Amino acid sequence: MTNSSLEPRFIAIEGCIGAGKTSLVNLLGEQFDAQIVREVDDENPFIDKFYQDRDSFGFQTQIFFLLNRYNQYMKLAQRDLFSSVVLVDYLFHRDRLFAALNLKEQELKLYDQVYSLLSNKVPKPDLVIFLQASSNVLRSRIEKRGREYEAFLDPDYLDSVNKSFNNYFFYYSETPLLVINTNEIDFVEKKCDLEELIIKINSHRIGREYYNPLGS
């Protein structure tokens, strides 16, 4: 597969913590010789403390993410999106989903005032890919990758995040959407799984589509 098989498009890949979105972005970036924009979780100075004490550090963590992601998306709007494939490993609305789970009522009201000023300005992708997985699969993947700050991740919190993502994309209609069930596939280790996934991405243009591969 070469970049000539995919016309210039702006593609956002989403999924819960541990869904494999960053891995897929990296693999597709190689296949399509794409420009890649990555989420910068590790640059958030509050993230370590947040996983240990969500109540105390939720607001700082969310505001940092919101402004950082806004800056990334606005830089995309200034680039020539028509010269190549552009891959970003998160949808801008991602931060609002986490804010609804992490913030107290008054904090969320303040957050939403900032969010509403920014959200209408960011460019919309040509295609959104949602990587879906069960909470059990997500937990096993998180344990396998062994990030230090995720060692404090509460299983119940992960389940709440996963439900929030599934609910959001159940009603999502802003752009073309491809929902991929990743429970049974391994596009990182198995080339055939990745190749089938690329064919599906290449062919999707309008509306919503569900892809439930059984794996190799």
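Between Asp33 and Asn136, the FRET efficiency from the beta-carbon distance, with R0 = 30 Å, is close to 0.25. Note on region 3-211: with charges restricted to the Cβ of Lys and Arg (+1) and Asp and Glu (-1), its dipole about the Cα centre is near 480 debye.
If R0 equals 35 Å, the separation of the Cβ atoms of Glu143 and Lys109 corresponds to a calculated FRET efficiency of about 0.45. If R0 is 30 Å, the Cβ-Cβ spacing of Lys121 and Ser164 corresponds to a FRET efficiency of close to 0.80.
Extending 7 Å from the Cα toward the beta-carbon at both Glu195 and Asp154 defines two label points whose distance is 4.5 nm. Beyond 26 Å in Cα-Cα separation lie the following of the pairs Lys75/Lys191; Lys49/Lys109; Lys75/Lys144; Lys75/Lys200; Lys124/Lys163; Lys21/Lys190: Lys75/Lys191; Lys75/Lys144; Lys75/Lys200.
Using only side-chain charges placed at the Cβ, +1 for Lys and Arg and -1 for Asp and Glu, the dipole size of region 103-161 relative to its Cα centre rounds to 260 debye.
For the chain, find the longest principal axis of its Cα atoms and tell me its angle to the long axis of helix 191-203, 0 to 90°, nearest 10. So the inclination is approximately 90 degrees.
Readers should treat all values here as calculations from the given coordinates under stated rules, not as data from a laboratory. Since the model is a prediction, treat every value here as computed from it, not as a measurement. Neighbour counts run over all protein chains shown; Cβ positions are idealised from the backbone, glycine included.
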